[in-house]
Every structure is written in C-alpha cells, then in structure tokens.
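> What follows is a structure written as structure tokens; I'll ask about it next.
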Amino acid sequence: MSVAEALAIFAAGGVAGTVNTVVGSGTLVTFPVLLAFGYSPVTANVSNTVGLFPGSISGAIGYRRELRGQRRRAIALGAAATAGGVTGAILLLALPASAFKAIVPAFIAAALVLVVVQPLLTRRLAGRRGGSHLLATRGLLPFGIFVGGIYGGYFGAAQGIIYLSLLGLALADGLQRLNALKNVIAALANLAAAIVFVVAAPHLSWAVAGLLALGSVLGGQLGAHVGRRLPPTALRALIVVVGIAAIVKLVA
C-alpha cells in the first residue's frame, strides 16, 4: 500500500465517520474508494464494517449529552440491533451479494419517505390513545431495528437513515435525541457484525480496517459537534439528500 493510498483511505474513514454520526451513510464514501484501489467487493465490505464501527462508537460518545435518560431504550433496541447485525454478517458470508443488494435501493427509498412524513405521522399518532409509543409497545420498533440490523450487518449503506426513520415514527422525542440513540444502535449492530467478520471472514484487510478506524474515530467526534448544531429541518433535509445520493450510487 502506497502512502497516497493510505492517506486516501484514512481521509475516507474520517468523512464516513462524520457522515455516519450526522446521518448514517458513510459506507457510500468508503466502499467506492476501496473498490477504486482494487479491493474486491467482499474484502471492501468486510474491511469497511470492521474499520467504521469505532467511528460509530465515537459518534455515540460525542452525543452522550443527548443520550441522558435513554438507557432503557438503548439497551432494548441495542439488543435487537446486535442480533440483526450478527444475522446480517452471517448472511453476507453465506449468500451471494446479489441476493440482498438487489432490494437495497427500494429499502433506502422507503426509509426516506418515512423521514419526510415522520413529523406528520408523529403528530397524528400522538393524538391517539397510546400516543406515538403505540408502535414501540406492540413490538414493531424492536423488530424493525432487528431488520435494520440485518441490513447493516450485510451492507450498511444508509442504515442510519433506516434507524432514524423508525425511531421518529415510534418515539415522541426530539430529532437530536433520536439521532443520538441511532448512533448507539448503529454502533452495536456494526460491532456485532465486525466480530463475526474478524472471527470468520477470510477476506479482511487489517491495514485497510485500521486506517478506516483511525479516520472514523476522528470523524465521529466531528460529526457529533456538527450534527447537534443543525436544526431539525436542516438535519432532515440532509438525510434526504444523502439518501437520494445513496440510491443513485447503488443503481448506477
């Protein structure tokens, strides 16, 4: 690996760590960079997951102020995400990439629709008996987080958008607090998938993963600093823009 390649991968990790903390689509930065340097899709995907999960943890720590009072949520939903991350990682190692990647654009598009209509749906749910916690108490939120974890463990691009849309529909809380919770959920799902890859994946590049990890940790802190200063409307708009970019990249 040349110095220029190492610096480019490190920089991509920093950008991805920032984007993951603010929105959740950093894989769309690092994955194409690794492919451009000649890494196979499987090696790029596995090394990317292992390299970016420290950035997710860094972003969650950066949002610790907004996490106050959310311990029970984080534990319950984090457990669902962890189970999903393990399942998704196993599927990546066992199934052809085309089996799941074919539905990724539609998955992201559905999440974007939920982000856009979330304020309206939240107000309507809050006016009903049980409020906006109706989805959570019926177990739909943990199940949705579990499914999102499967997607995150398998590929991961825009998984944060999916988590954030589900949290916005199910929980009556501010967008910044939900974004903080999203970072914890994503960190646990990515950590679970990374452990599976470290133990079982034959295509992991430790050099790539290490450079991405260093960059993503710095990016996670930067993302927390920037993200909490964005008003809800701006953050929601950024989510939509990144999500559309994700769809374009995946279908191109």
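> Could you sort 142-149, 13-20, 87-94 so that the peptide with the highest average Cβ count within 10 Å comes first and the rest follow in order?
Numbers: 142-149: 23.0, 13-20: 27.2, 87-94: 19.5.
Highest mean packing first, the order is 13-20, 142-149, 87-94.
> Measure nothing fancy, just the Cα-based angle from helix 159-170's long axis to the longest principal axis of the chain, in degrees from 0 to 90, nearest 10.
10
> Could you tell me how many degrees, from 0 to 90 and to the nearest 10, lie between the Cα long axis of helix 175-200 and the main elongation axis, the longest principal axis, of the Cα atoms of the chain?
Here the helix axis deviates by roughly 40 degrees.
> Here's something else I'd like to know. What shape does region 27-100 have by the C-alpha gyration tensor, where a ≥ b ≥ c are the square roots of the eigenvalues, rounded means a/c under 1.5, and otherwise prolate means a/b greater than b/c and oblate the rest?
Working: a/c = 3.81, a/b = 1.62, b/c = 2.34.
The shape class here is oblate.
> A further question on this structure: Rg to Rh ratio, the chain, alpha-carbon atoms and Kirkwood radius?
Details: Rg = 16.9 Å, Rh = 17.6 Å.
Taking Rg over the Kirkwood Rh, I get 0.96.
> Let me have the 222 nm mean residue ellipticity of the chain computed from DSSP H runs of 4+ only, each contributing -39500 (n - 2.57), with the sum over all residues rounded to the nearest 500. Please report the intermediate quantities before stating the final value.
Details: 12 runs with 203 residues, N = 252.
Result for the chain: -27000 deg cm²/dmol, rounded to the nearest 500.
> Residue by residue through region 208-223, which ³J(HN,Hα) values in whole Hz follow from phi under the Karplus form 6.51 cos²θ - 1.76 cosθ + 1.60 (θ = phi - 60°), with glycine and proline marked x?
Going residue by residue, I get 5, 4, x, 5, 5, 4, 4, x, 5, 5, 5, x, x, 5, 5, x Hz, with x marking Gly and Pro.
> Expressed as an acute angle from 0 to 90° and rounded to the nearest 10, what is the orientation of the C-alpha long axis of helix 27-36 relative to the principal long axis of the chain?
20
> I would also like to ask the following. Let me check something: with ligands and nucleic acids excluded, how do 98, 58 order by accessible area (1.4 Å probe), largest to smallest? Let's see the in-between values first.
Working: 98 85, 58 10 Å².
Largest to smallest exposure gives the sequence 98, 58.
> For 65, 71, write out the residues from largest to smallest accessible area, computed with a 1.4 angstrom probe and no ligands counted.
Values: 65 130, 71 185 Å².
If we order 65, 71 from most to least accessible, we get 71, 65.
> Right, next: How big is the charge dipole of region 34-102 about its Cα centre, in debye rounded to the nearest 20, if each Lys and Arg gets +1 on its Cβ and each Asp and Glu gets -1 on its Cβ? Could you put the intermediate results ahead of the total?
On the way: 7 positive and 1 negative charges, 92 e Å.
So the magnitude is around 440 debye.
> So, with +1 on the Cβ of K and R and -1 on the Cβ of D and E, and no other charges, what is the size of the charge dipole of the chain about its Cα centre, to the nearest 20 debye? Kindly include the intermediate steps, with their values, before the conclusion.
Working: 18 positive and 3 negative charges, 236 e Å.
That gives a dipole near 1140 debye.
> With a 1.4 Å probe and every protein chain left in place, work out the accessible area per residue of the chain in Å², rounded to a whole number.
Accessible surface, normalised per residue, equals 43 Å².
> Here's something else I'd like to know. Determine the share of the chain's accessible area contributed by carbon and sulfur atoms, expressed in whole percent, with a 1.4 angstrom probe. Before the final figure, lay out each step's value.
Numbers: 7720 of 10820 Å².
Carbon and sulfur atoms account for 71 percent of the accessible area of the chain.
The values are calculated or read from the model by the stated rules, or taken from the named source; none is laboratory data. Keep in mind it's a predicted model, so treat the numbers as computed, not measured. Cβ atoms come from the backbone with ideal geometry, glycine included; neighbour counts cover every protein chain shown. Just the protein is used for accessible areas: all its heavy atoms, side chains included, with ligands, DNA and RNA removed. Shrake-Rupley method; radii C 1.70, N 1.55, O 1.52, S 1.80 Å.
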